1. Output the qualifying pairs, or none if there are none: Cβ atoms under 6 angstrom, residues six or more apart or on different chains, first residue in the stretch 51-70 and under 12 Å from SER39 (Cα atoms) and modelled with pLDDT of 90 or more, second residue charged (D, E, K, R) and crowded, with 16+ Cβ neighbours inside 10 Å.
2. How many residues does the stretch 17-40 contain that are closer than 15 Å to VAL85 by Cα, crowded, with 19+ Cβ neighbours inside 10 Å and of a type outside the set (A, V, I, L, M, F, W, C)?
3. Name the residues in the stretch 1-40 that are assigned to a strand (DSSP E or B), more than 9 Å from the chain's Cα centre (by Cα) and under 13 Å from TYR88 (Cβ atoms), would you?
4. Output the residue which, of all residues in the stretch 71-92 that are among the charged types (D, E, K, R) and either at pLDDT below 90 or within 14 Å of the chain's Cα centre (by Cα) (or both), is surrounded by the fewest Cβ atoms within 10 Å (Cβ to Cβ).
5. So, THR101, is that one at pLDDT below 90 and over 13 Å from the mean Cα position of the chain (by Cα) or not?
6. Considering only residues of the stretch 1-16 that are of a type in the set (S, T, N, Q) and surrounded by fewer than 16 Cβ atoms within 10 Å (Cβ to Cβ), which is modelled with the highest pLDDT?
7. Which residue is farthest from CYS40 (Cα to Cα), if the candidates are limited to the stretch 53-67 and must be buried (at least 16 other Cβ atoms within 10 Å of the Cβ) and of a type outside the set (A, V, I, L, M)?
Amino acid sequence: MNRSVRVELNWPAENTVVVGERHYFVYDRGGAVHVIASSCAHRGGPLHLGEVEDGRLRCPWHGNTVRLDRLCARAAAVIQRGSRVIAYLPAESDSPATDPTPVVTNAIVLAR
């Protein structure tokens with residue numbers, strides 16, 4: 001059975017969340033907030049450390065780019081009420097040894 005973890009962020013002061021070993025970042029695209037997995041599909045690079053260029057996010061590990069609209073389309077569903085963002089993210093596993101308690105921080109380093 002797939003489990004999910006409820007995450008609440010005070011956006012934009014809190015913009016990164018870790019669930020188990022998975023990192024997610026919050027991205028504002030055209031006024032809509034998205035919670036996006038921060039792992040590059042190619043080599044698992046930390047996308048939250050990448051640069052945004054012409055609507056594309058560049059992976060800091062290997063330089064490939066991904067269209068932000070595609071990342072946002074695969075993002076977790078969110079509810080936003082003012083600065084409060086609520087998302088349900090997948091728990092890392094069903095194992096009780098994995099602590100699914102989310103850790104919310106302000107660690108995003110996306111270039112402008």
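The values are calculated or read from the model by the stated rules, or taken from the named source; none is laboratory data. Computed from a predicted model, the values in this text were never measured in an experiment. Positions of Cβ are generated from backbone atoms using ideal geometry, with glycine treated the same way; all protein chains shown enter the neighbour counts.
1. Qualifying pairs under 6 Å: none.
2. 3
3. Result: SER4, VAL5, ARG6, VAL7, GLU8, LEU9, VAL19.
4. Restricting attention to the stretch 71-92, the residues satisfying the condition of being among the charged types (D, E, K, R) are 74, 81, 84, 92.
Then keep just the ones that are either at pLDDT below 90 or within 14 Å of the chain's Cα centre (by Cα) (or both); that gives 74, 92.
Numbers: ARG74: 11, GLU92: 15.
Within the stretch 71-92, the match that is surrounded by the fewest Cβ atoms within 10 Å (Cβ to Cβ) is ARG74.
5. Answer is yes for this residue.
6. Within the stretch 1-16, the match that is modelled with the highest pLDDT is ASN10.
7. Among those that are buried (at least 16 other Cβ atoms within 10 Å of the Cβ) and of a type outside the set (A, V, I, L, M), it is ARG56.
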